[in-house]
Protein chains: 2
Amino acid sequence: MWRPDRASDRPLYQQIATNIEQRISLGEMPPGSPLPSERKLAQQLGVNRSTVMQAYEMLRASGLIESLTGSGTRVCRDREGSAPRQTPNWSRYVESGTLQPNLPLMRRIREGLQSGVPFINFAGGELAPDLSPNDAIADIMTSHPFREPLGYGNPQGYVPLRVALASFLLEQRGIAATDESILVTSGSQQSLYLLTQCLLNPGDAIAIENPSYAYSLAMFHSAGIRLFGLPVDDEGVHPDGIRSLHKQHRVRMVLLNPNYQNPTGTVMSAERRIEVLACCEELGIPIVEDDPFSLTAFGEQPPPPLKSLDRNGTVLYIGSLSKIAASGLRIGWMVAPHTVIRRLADARQQMDFGLSIFPQWIAARLLDSTSFLPHIEQLRIALRDRRDVMASALRRMLPGEISFELPQGGLNLWCRIHGEVNDYALLENGIRNGVVFVPGSVYGAEHGYVRLSYARPPMEEIEMGIDKFAQALYKSLRT
Amino acid sequence: MWRPDRASDRPLYQQIATNIEQRISLGEMPPGSPLPSERKLAQQLGVNRSTVMQAYEMLRASGLIESLTGSGTRVCRDREGSAPRQTPNWSRYVESGTLQPNLPLMRRIREGLQSGVPFINFAGGELAPDLSPNDAIADIMTSHPFREPLGYGNPQGYVPLRVALASFLLEQRGIAATDESILVTSGSQQSLYLLTQCLLNPGDAIAIENPSYAYSLAMFHSAGIRLFGLPVDDEGVHPDGIRSLHKQHRVRMVLLNPNYQNPTGTVMSAERRIEVLACCEELGIPIVEDDPFSLTAFGEQPPPPLKSLDRNGTVLYIGSLSKIAASGLRIGWMVAPHTVIRRLADARQQMDFGLSIFPQWIAARLLDSTSFLPHIEQLRIALRDRRDVMASALRRMLPGEISFELPQGGLNLWCRIHGEVNDYALLENGIRNGVVFVPGSVYGAEHGYVRLSYARPPMEEIEMGIDKFAQALYKSLRT
């Protein structure tokens, strides 16, 4: 992003005004475009608000922008010296479309993170830079000469990666699958998007755990899917819950995250897996089993995945490298009956013409490399240590205000707040204090829960972050 | 894909039957799944049809599959020895969904190419392996140590790539754009998909050239967009056409491919560009300018892009590396007003959580490398040579049957067939003869046109391919 040059002789406000003028003249900010508020632009550029005020004043004087009471500052529609032309009404265009904007709380978090101010980030569901197998990946790129064809790839994904995934799934998760029943995706988000766009119709009902990360996905709203929450106990969801939802709403799919569930961290019991699978087989409802965290197990491995018990093709299994290697690779997978795989692979051509060969080539070599399992071992230990640092800081700084179960895997700690608190106020107080996290209502919970991810910030900032969070919480509690 | 082992002692039909049995027991082919026809499976596996018949007979005898008159062979729903469970009705699920299957002719071409039989491919709109900068890319991967963060990237795309694109666009296309007005995409297909899903509503009308590759994109049908064709003359589309379509249908967007248009190869004249831009500015209709081919110019460069003339942010400019470097990279871009870029970047998070860092990192280095422009020079010469070989073969083998204009850039030659011919019959005759191409009706033309791409097959096969095409054409002409 452009920033003014502090070493220059030209005053900062003039540099800012010239930059905006350029963007207007290039058509990057067409007539009618909104300008950021003075406060926000000052924050982004790291200057005083008065500097931005001066710049805007200069642009107003030259007739390029106008400030309207109540609706902020905009690029003028009628400019002096220019022919009275029209321009597309972009603000109306961007309010069109089927893909809905993301949830306000999620956008607020991202806006905070992108503001340029440093934050301790307990909101991001991803690994810190030092937890990824950086050296292994750099090594793959330099030591294996790249000689793959550079044309459009196989719509179902690079065959050597599918072959590597078939052994990985068998060895690590007990899932027997041939490469023809595997679809490589750019991650779980694309897997879920494809399932939604290819197998469900607007108005269809699906059942999810309550709370569930699925509530945070604007994608389901965009597709007109009705989400119904299943009650969850210590062992996970109960088949009776599925039966009764199905009776009421003719559920067309059940989406489950049985291992270290996002956000609660719970693990579905082995008995419940068998019962839930039998129930869905009987009702003829597909289960989407999302399993991003299982390899992070801090102690014992979780019970076998539903997919490993599935003999009738009831389970669509979703996994990815995002939470166990690197989210920036953008590599995920789905295991499903051939008819489903073929339908999804064909439809994806409309969205993006398939995946890049490069991350697929790297992922195939990473899965096959001797350093991958040692990396997973290290990751487990590092995540457990982070969890412990966060948990003890929480216990020390907020002894009576919150409670939580210690997660046995995954990236997240799910806290219940004992006092009464409003999610929006809590997040705003956090942002003001330099810490972000995800309020529980994003996941369908009542107000008074938060998801704190211990995987993202540098280890040495976790304690300070919890201190900031504790201050924000004290400020937000209604007494 | 699995194939029977010819070196084994076990008869082929037994190996085939065991493989299918395994897939059924793994749930990859759940009860009710269709099996391929005997003819098709025999072709795929490279065995005699009688071998497949024997395998199916064996599976029928063991009660695993059933053949129903008129509806082919399926996996049995009720299997002996298994509890009378249900399973999701997958054939109904795969018929659901918003994303429509691809066009029948396009699926037929892909089916042909994937059948395992060798084809001369005049259908693929991509570069032959030897036309891509393979060495430059392999060199980038080994000589630049990869040290980038591996987390979720910037939703708008990797910043160094956007900076590299800004200079590339300025130097090569005369487009002044800052990195903030650039969105990196996985190619033109994703750019168009995002525009459609974020800026248009179902039922909206858009204007396209007639014929246009846009007619081949099932994506527009999936989104419920109504496509209206604009008449095209030697100079491209005429503003009057846009005005009259707009009057009739309230067109919300105009999609143009002004340089070496796909499929016709025409170049819009400089005057027409100015007139069309002025017309759209006046009407307030955005222009989507798709410009994948301009750098392939065989002789003179095409006139400046509409985007370089646009001062009001009317033009959304789309480009990619697919036709000038490598389609397997999956790197494209869009230049648009900030409000549009931000809306699309936010919405893409729902689809795929952004792009992989690896192709972006490679593309940034490729654009900045000293070998990129020499590569483009070589590509131009190689494509022109291929065009000449194809054109002279066509003139020699089909002297009176077809006519075409020699394209001055791009990958495609657009032929008009003089006699009466049915597109479906012509394609089937081609497939039977070992050659594929795209019948013109896919692009909205009447029957009797074909698009022949000279970029994809090995240079030395072009002549043989035209021979096969000529035979298919003679067989298809109604005399």
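The values are calculated or read from the model by the stated rules, or taken from the named source; none is laboratory data. Please read all numbers here as calculations on a predicted model, not as lab measurements. Note that each Cβ is placed from the backbone with ideal geometry, even for glycine, and that neighbours are counted across all protein chains shown.
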Residue A:315, sole failed condition from (1) under 22 Å from residue A:257 (Cβ atoms); (2) assigned by TED's automatic domain parsing to the domain that holds residue A:409; (3) hydrophobic (A, V, I, L, M, F, W, C) | (2)
Criterion violated by residue B:69 - all others in (1) within 23 Å of residue B:116 (Cβ to Cβ); (2) out of contact with any strand residue (DSSP E or B) (no Cβ under 7 Å at 6 or more places or on another chain) satisfied = (1)
Please find, within segment B:144-158, the residue that is surrounded by the most Cβ atoms within 10 Å (Cβ to Cβ) out of those that are at the interface with chain A (Cβ under 8 Å from one of its Cβ atoms) and over 27 Å from the mean Cα position of the chain (by Cα).
-> B:150
Hey, can you tell me all the residues within segment B:181-204 that are of a type in the set (A, V, I, L, M, F, W, C) and either more than 11 Å from every other protein chain (Cβ to nearest Cβ) or over 21 Å from residue B:99 (Cα atoms) (or both)?
-> B:182, B:183, B:184
Which of the residues belonging to segment A:382-432 are within 16 Å of residue A:460 (Cα to Cα) and free of Cβ contacts under 8 Å to residues at least 40 places away in the same chain?
-> A:388, A:391, A:392
Pair list, Cβ under 7 Å, 6 or more apart: segment A:163-179 residue modelled with pLDDT of 95 or more, other residue of a type in the set (Ser, Thr, Tyr) = A:166/A:178; A:173/A:294; A:173/A:308; A:174/A:308; A:175/A:308; A:175/A:317
Filtered residues of segment A:160-180 (kept if facing chain B (nearest Cβ under 8 Å), surrounded by fewer than 20 Cβ atoms within 10 Å (Cβ to Cβ) and among the aliphatic types (A, V, I, L, M)) | A:176
Can you find even one residue in segment A:446-460 that is more than 26 Å from residue A:118 (Cα to Cα) and surrounded by fewer than 21 Cβ atoms within 10 Å (Cβ to Cβ)?
-> yes
Considering residues that are outside any loop (DSSP other than H, G, I, E, B) and either buried (at least 17 other Cβ atoms within 10 Å of the Cβ) or within 9 Å of chain A (Cβ to nearest Cβ) (or both), the number found within segment B:115-138 is 8
Identify all residues within segment A:171-189 that are assigned to a helix (DSSP H, G or I) and either under 27 Å from the mean Cα position of the chain (by Cα) or not assigned by TED's automatic domain parsing to the domain that holds residue A:294 (or both); write none if there are none.
-> A:172, A:173, A:181, A:188, A:189
Quick one: would you say residue B:207 is crowded, with 22+ Cβ neighbours inside 10 Å, closer than 30 Å to residue B:447 by Cβ and either modelled with pLDDT under 95 or more than 9 Å from chain A (Cβ to nearest Cβ) (or both)?
-> yes
Name every residue in segment B:81-114 that is more than 10 Å from chain A (Cβ to nearest Cβ) and in contact with a strand residue (DSSP E or B) (Cβ under 8 Å, 6 or more places away or on another chain), in order of residue number.
-> B:105, B:109, B:112, B:113
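Residues checked against (1) outside the structural domain of residue A:325 (by TED's automatic domain parsing); (2) of a type in the set (A, V, I, L, M, F, W, C); (3) free of Cβ contacts under 8 Å to residues at least 40 places away in the same chain; (4) at positive phi:
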| site | (1), (2), (3), (4) |
| --- | --- |
| A:225 | no, yes, yes, no |
| A:239 | no, no, no, no |
| A:242 | no, yes, no, no |
| A:251 | no, yes, no, no |
| A:257 | no, no, no, no |
| A:276 | no, yes, no, no |
| A:292 | no, no, no, no |
| A:302 | no, no, no, no |
Of the residues in segment A:19-40 that are of a type outside the set (Lys, Arg) and away from chain B (no Cβ under 13 Å), the one that is nearest to residue B:336 (Cα to Cα) is A:37
Among the residues of segment B:393-411, is there at least one that is under 17 Å from residue B:265 (Cβ atoms) and assigned to a helix (DSSP H, G or I)?
-> yes
For segment B:406-427, the count of residues that are within 17 Å of residue B:122 (Cβ to Cβ) and of a type in the set (Asp, Glu) equals 1
For segment B:451-479, name all the residues that are of a type in the set (A, V, I, L, M, F, W, C) and either assigned to a helix (DSSP H, G or I) or in contact with a Gly (Cβ under 6 Å, 6 or more places away or on another chain) (or both).
-> B:459, B:462, B:464, B:466, B:469, B:470, B:472, B:473, B:477
Residue check for residue A:408: among the polar types (S, T, N, Q), within 19 Å of residue A:331 (Cβ to Cβ) and within 24 Å of the chain's Cα centre (by Cα) | no
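Could you please find all residues in segment A:236-257 being under 11 Å from residue A:276 (Cα atoms) and assigned to a loop (DSSP other than H, G, I, E, B)?
A:238
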Inspect all residues belonging to segment B:338-349 and state whether any of them is in contact (Cβ under 8 Å) with a residue 24 or more places away in the chain, under 30 Å from residue A:124 (Cα atoms), among the polar types (S, T, N, Q) and out of contact with any Ser or Thr (no Cβ under 9 Å at 6 or more places or on another chain).
-> yes
Assigned to a helix (DSSP H, G or I) and β-branched (Val, Ile, Thr) - does that describe any residue in segment A:212-229?
-> no
Kindly indicate the residue of segment A:140-160 that is touching a Pro at 6+ places or on another chain (Cβ under 9 Å) and outside any loop (DSSP other than H, G, I, E, B) and also nearest to residue B:110 (Cα to Cα) among those meeting that condition.
-> A:141
